[in-house]
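Worksheet: one structure, shown below.
Any read-out appearing in this document is the output of simple, stated calculations on the displayed coordinates, not a laboratory observation. Quantities reported herein were computed from a predicted structural model and do not represent experimental measurements. Using ideal geometry, Cβ is built from the backbone for each residue, glycine included, and neighbour counts are taken over all protein chains shown.
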Amino acid sequence: MSYFKEMTCIRCGHPLGGDPFYTGCPVCKAEGVGANYTARYDLAGAKFPGQNGQPGIFRFRDFYPLADDAVPVSIGEGNTPLLKLDRLGEKLGIRNLYVKDESRNPTMSYKDRLCSLILTKARYEGAQAVTIASTGNHGAAAAAYAAAAGMPCVIFTVPQVPETMKTLMQAYGACVIVTPTAVDRWTIMGKCVDQLGWMPISGFQAPAIGSNCYGIDGYKSIAFEIYEQLGNTAPDMISVPACYSDGLYGTFKGACDLKEMGCIEKVPQFVAAEVFGSIEKTLAAGSKDPVSVPSEWSVSFSIANGLCTWQGLEAVRASNGYARSSNDKETMEMQLMLASSEGIYAEASSCTSLVALAKLAKEGKIAPDQKVVAVLTSTGLKDPASTKEKLPPVPTIQPEMDALRDALQSAYGLSI
Ligand SMILES: [Zn+2]
């Protein structure tokens, strides 16, 4: 049986009551601050679950805000590998470096963990359709899980999104619509929710609050899986790419559950890996509420936003963690270093989690015996064009050794 008790505002504790869950807390909104609701639980007597016959991440369903008789919409999400990267770790000066490779999920990103919960709820409640504003990963996951649930899915996106992302979303059967600006996506999405009663998956409020609060706890499963994969212990630090910080906050909540159940003694420090540094600036300014920074298009478009959310701040502050930002050059260098030294091709946005850890190692914030985990949220195959720009053109040669020798030397610097 689910341990779920109630939804309350993450910032002020205001209970959800009869208000819509997707507009965020009205008390905080009146103060000009966006704040999401978050699920609260009563974990008295709760135990870490063993195998229980539930599919994918629904093994942990008692730790989600789902009705006990809701039938899971699952296509095998979760159970992704935790890999120790000795070669990259040596280059970055981190002895115990691990990555949680979330590209092994059904739609190749960790958004599947959130969408499996929301589509389960949407189908259980008889929603007519689901809708989302997305730059790609979240949209692809929404589309796939809507397909598995047998429900229509309408996705609003922006013109700059790579064609690969649009194709993926359409291939899963979603209706993909482009609007001129990011804010326009939220406007039309809000009309669909208000006028048609569609279930929202992403947030669509300004200031941003994060995604549907009934899905975020799907990310708890990342913390639960890491705990098991490290032999029933917690790492010292977990770095997660952060924009609206659903994944960062959900993983943090999972770690808090583990501590509350007595499985671990201490919640790991959480690191927000950003592009422009809104969390970093907010912490440096000592502000309680999100502070915005200038933003523009980035290779890390999945997380390129100038205003963080309250839930992201909470995960970093409550775990005594850090926030570090990455520019495009640092991110793309890390992408190729990871792929060429470990055989893992991660999306640019994902690589910010490693850049942030590399910076912390340089600053002496990671002790030699500490275990650190970077969450790689999606695959590089979602946007191969940005990687191609950093690689030499593939040479064409006649089948002769001299020609091969020249080509290997000139294109790759390899002498034979
Ligand atoms: Zn509030």
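Summary of computed values
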| quantity | calculated |
| --- | --- |
| Sorted by Cβ density within 10 Å, fewest first, the residues 186, 310 | 186, 310 |
| Which of 274, 330, 314, 260 has the fewest Cβ neighbours within 10 Å, and the rest in rising order | 260, 330, 314, 274 |
| Gain upon complete extension [residue 19, residue 365; 0.36 nm per residue less C-alpha separation] | 120.3 nm |
| Which listed pairs, of 111/388; 329/390; 166/220; 166/382, have C-alpha distances above 18 Å, in listed order | 111/388; 166/220 |
| Summed residue charge, Cβ within 15 Å of residue 151's Cβ, Lys/Arg positive, Asp/Glu negative | +1 |
| Exposure proxy ranking, count of Cβ atoms within 10 Å, fewest first, for 14, 138 | 14, 138 |
| Efficiency of FRET between residue 206 and residue 129 - r from beta-carbon atoms, R0 30 angstrom, step 0.05 | 0.85 |
| Potential extension, residue 51-residue 188 segment - 0.36 nm per residue separation minus Cα distance | 45.1 nm |
| Residue 86-residue 27 pseudo-label distance in nm [points 7 Å out on the Cα-to-Cβ vector] | 5.4 |
| Whole-angstrom gap from the stretch 247-303 to the stretch 87-121, using each part's C-alpha centre | 16 |
| Estimated 222 nm signal from helices in the chain, with DSSP H stretches of n ≥ 4 weighted -39500 (n - 2.57), rounded to 500 | -10500 deg cm²/dmol |
| Contour minus Cα-Cα distance for residue 385 and residue 67 (0.36 nm per residue) | 110.2 nm |
| Prolate/oblate/rounded label for the stretch 187-333 (Cα gyration tensor, a/c 1.5) | oblate |
| DSSP-defined beta bridges in the chain - what % are antiparallel, rounded to 5 | 30 |
| Two-site label geometry, residue 175 and residue 403: point separation in nm, points 7 Å out along Cα→Cβ | 5.3 |
